[in-house]
Amino acid sequence: MRDIYHSVTLDKDKCRGCTNCIKNCPTEAIRVRGGKAAILKSKCIDCGECIRICPHHAKIASTDDLKTLSNYKYNIAIPAPAFYSQFSEDIDINILLNALKAIGFDYVYEVAEAAERVSIAITNYLKKNDRTAPSISSSCPAIIRLIQVRFPELIENIIPINSPMEIAGKKAREYGVQLGYRDKDIGVFFITPCPAKVTSILRPVGVKKSYINGAFSITQIYSEIIKKLSSINEADLENLQKSSGQGIIWGVSGGEKHAVDYGNRLSVDGIHNVINVLEEVEMGKLNNMDYIECQACIGGCIGGALTVENRFIARIKLERIARRYGQKFSVDCDEVLADYKKGEYFLKEEIKPKPIQPLDKNLGRAVEKMKHMEKILEDLPGLDCGACGAPNCQALAEDIVRGYAQELDCIIILKERVNELAEKMVALSKTVPPAMGIKEPEEEGTNNWD
């Protein structure tokens, strides 16, 4: 996993070139060429939409193998709140956390507890008068990358506070150091519901280096936990569960909005819905909102592409679990505010835009190519059928100008050209030279051939 830039990858042997993925990718990062899909790395945000939509399971997420734990002397698991919703709600969270220890981890730190800390930090940040409104949540890495690629002018709206995952990684690593382990001997691993989190560990945004060493998918860990549950002796359990419902509820859409206690708040989930809302923000229509929680997955993290449970059932489970553990913060609010004032929760690096590669490095040639692209687009049928292997006609026009495709890739234009050629062939087939016996028309009263 170390050499990849994106978690989402393609299994070409399984790909049938069906074009389902190209129609659903929110950043138009997929093309079909030669009967196989191809992912454009510069546009991919690892949202996992293609994993969900592919009927042939050709899109996969690269994560770590459990054998990776042997590389470290002390391993800490940091499970996402959505992890709890994958099992029967009758199973106590502390049992699930101890089951993680049973499969090879030395300690477990809840991301839900870190979510409580981040909730307090965000609430305090929103009280600032000089922030850009509406402030946009920084917790979903797919949304951050979406903004970098498609809405770079909204980067200043992103709240500059670390995600619960990174705060959990920081706290877990500090705990390992307190036990006497060297930083390089501590392995911190996120139990993730989505591929975007994996990429954010390998290529973090807003921080120079992630506090986390790797990630295991919930689908990957689920069966291992199930195997261990029956053998866990409750009398021997370590008290690992410390979070309250305020952090646990972050696993569903609206949970973050609920835990952040300030002003007008909006929650939106589903990457295509988020795009619609960000367009509204871009046009200045949501300036009355203080905070927008954006989740790429429908339902929030419980709807991630790397989860097991049906997202509707998982939502009910997690909401019930959150109520069971109460609405009072389990963390020391004064301690969190003190660390907040020290800058402990803030991103350390500027979030920069990731603009799409220009049509040409030379501005003059780029303008000419843009004009050419517009002319090509006028000639294309505008059906956006995807048969060409691009998501729509505009994307095909751009691919043609960039030299990645040709106009005849459009099946409508190809059919028109074939028909034109067929008509010419038919007309040509009826044309026979005079020497082969075709009688020329005669003028009335004359015989030019006598």
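The values are calculated or read from the model by the stated rules, or taken from the named source; none is laboratory data. Not measured: the values here are computed from a predicted model. Don't worry about glycine lacking a Cβ; one is built from the backbone with ideal geometry, like all the others, and counts go over all protein chains shown.
Quick notes on this structure:
- Close Cβ contacts (under 9 Å, 6 or more residues apart or on different chains) running from residues in the range 195-216 that are without any contact (Cβ under 8 Å) to a residue 40 or more places away in the chain and surrounded by 21 or more Cβ atoms within 10 Å (Cβ to Cβ) to residues that are in a strand (DSSP E or B) and not small (Gly, Ala, Ser) comprise Ile201/Phe190; Ile201/Thr192.
- If you go through the range 221-273 and pick out every residue that is in a helix (DSSP H, G or I), crowded, with 17+ Cβ neighbours inside 10 Å and among the polar types (S, T, N, Q), you end up with 1.
- Scan the range 384-428 for residues that are in a helix (DSSP H, G or I) and out of contact with any helix residue (DSSP H, G or I) (no Cβ under 9 Å at 6 or more places or on another chain) and the total you get is 15.
- Hits in the range 40-58 (condition: surrounded by 21 or more Cβ atoms within 10 Å (Cβ to Cβ) and either part of a loop (DSSP other than H, G, I, E, B) or in the same structural domain as Arg182 (by TED's automatic domain parsing) (or both)): Cys44, Ile45, Asp46, Cys47, Gly48, Cys54, Ala58
- Test: residue in the range 241-249 that is out of contact with any helix residue (DSSP H, G or I) (no Cβ under 9 Å at 6 or more places or on another chain) and either closer than 30 Å to Asp106 by Cα or of a type in the set (D, E, K, R) (or both): no
- The single condition among (1) outside the structural domain of Gly214 (by TED's automatic domain parsing); (2) under 28 Å from Ser223 (Cβ atoms); (3) over 17 Å from the mean Cα position of the chain (by Cα) that Leu96 does not satisfy is (1).
- For the range 227-257, the set of residues classified as hydrophobic (A, V, I, L, M, F, W, C) and touching a residue at least 12 places away in the same chain (Cβ under 8 Å) consists of Leu229, Ile232, Leu237, Leu240, Ile248, Ile249, Trp250, Val252, listed by residue number.
- Residue list for the range 197-218, filter: modelled with pLDDT of 95 or more and more than 25 Å from Val177 (Cβ to Cβ): Ser217, Ile218
- Look at the range 363-389: where a residue is on the phi > 0 side of the Ramachandran plot and a partner is part of a loop (DSSP other than H, G, I, E, B), sitting 6+ places away or on another chain with Cβ atoms under 6 Å, you get Asp384/Asn392; Gly386/Thr19.
- Residue satisfying all of: in the range 320-365; of a type in the set (Gly, Ala, Ser) and surrounded by 14 or more Cβ atoms within 10 Å (Cβ to Cβ); nearest to Lys170 (Cα to Cα) among these: Ser330
- Annotation note: Cβ proximity below 8 Å between a residue of the range 79-99 that is over 18 Å from Gln246 (Cβ atoms) and a residue that is in a helix (DSSP H, G or I) and among the acidic types (Asp, Glu) (sequence gap 6+ or interchain) occurs for Ile95/Glu234.
- Applying the condition of being assigned to a strand (DSSP E or B) and without any contact (Cβ under 8 Å) to a residue 40 or more places away in the chain to the range 19-37 and asking which residue is nearest to Ile60 (Cα to Cα) yields Ala37.
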